[in-house]
1. If one takes the longest principal axis of the Cα atoms in the chain, at what angle in degrees, from 0 to 90 and to the nearest 10, does the Cα axis of helix 41-60 lie?
2. Can you give the longest stretch of the chain with no exposed loop site, where a site means chymotrypsin sites (Phe, Trp or Tyr not before Pro) in a DSSP loop (not H, G, I, E or B) with at most 15 other C-beta atoms within 10 Å?
3. Hey, of (1) 1.85; (2) 1.68; (3) 1.91, which did the structure itself give for Cα Rg over 2.2 N^0.38 Å when calculated?
4. May I ask you to evaluate 6.51 cos²θ - 1.76 cosθ + 1.60, the Karplus curve with θ = phi - 60°, for each residue of region 14-26 and list the ³J(HN,Hα) values in order in whole Hz, giving x for glycine and proline?
5. When the Kirkwood radius is taken over all Cα pairs of region 32-73, what Stokes-Einstein diffusion coefficient follows at 20 °C and 1.002 mPa s, in µm²/s?
6. Place a +1 charge on the Cβ of each Lys and Arg in region 11-62 and a -1 charge on the Cβ of each Asp and Glu, then give the dipole magnitude about the Cα centre in debye, rounded to the nearest 20.
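Here, each number is a calculation from the coordinates, and none is a lab measurement. This is a predicted model, so every value here is computed, not measured. Using ideal geometry, Cβ is built from the backbone for each residue, glycine included, and neighbour counts are taken over all protein chains shown.
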Amino acid sequence: MATNPTGALTFEDLIIEVAIKLGVAYYGAAGDKEAQVPIDVHDLSICKRVVNNAIRLFLSDAPPNGWRCQHPVASLTMWASVA
């Protein structure tokens, strides 16, 4: 069972971060809610494109030996016991 780090961001979280930076986040009808994904289709499309391009850039600029996060932190070896 894999566990997610507590600092992990979902795709939606990344879109909201981009929307806040671009000034297109949705804050509810009265403007008093927490930042949400943009409701305008065009703004949402731009935010998705920015996030996807950033992910592609991150992956394509990997170090020669790969990212350290791709290497296992620990391993477990199991074998049958001799009775």
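1. Between helix and principal axis, roughly 30 degrees.
2. By the stated rule (loop sites, at most 15 other Cβ atoms within 10 Å), 28-66.
3. Here the calculated entry is (2).
4. Per residue, the Karplus-derived 3J(HN,Hα) values read 5, 4, 5, 4, 5, 4, 5, 5, 7, x, 10, 5, 9 Hz.
5. For these conditions, the coefficient is 165 µm²/s.
6. Here region 11-62 has a charge dipole of around 200 debye.
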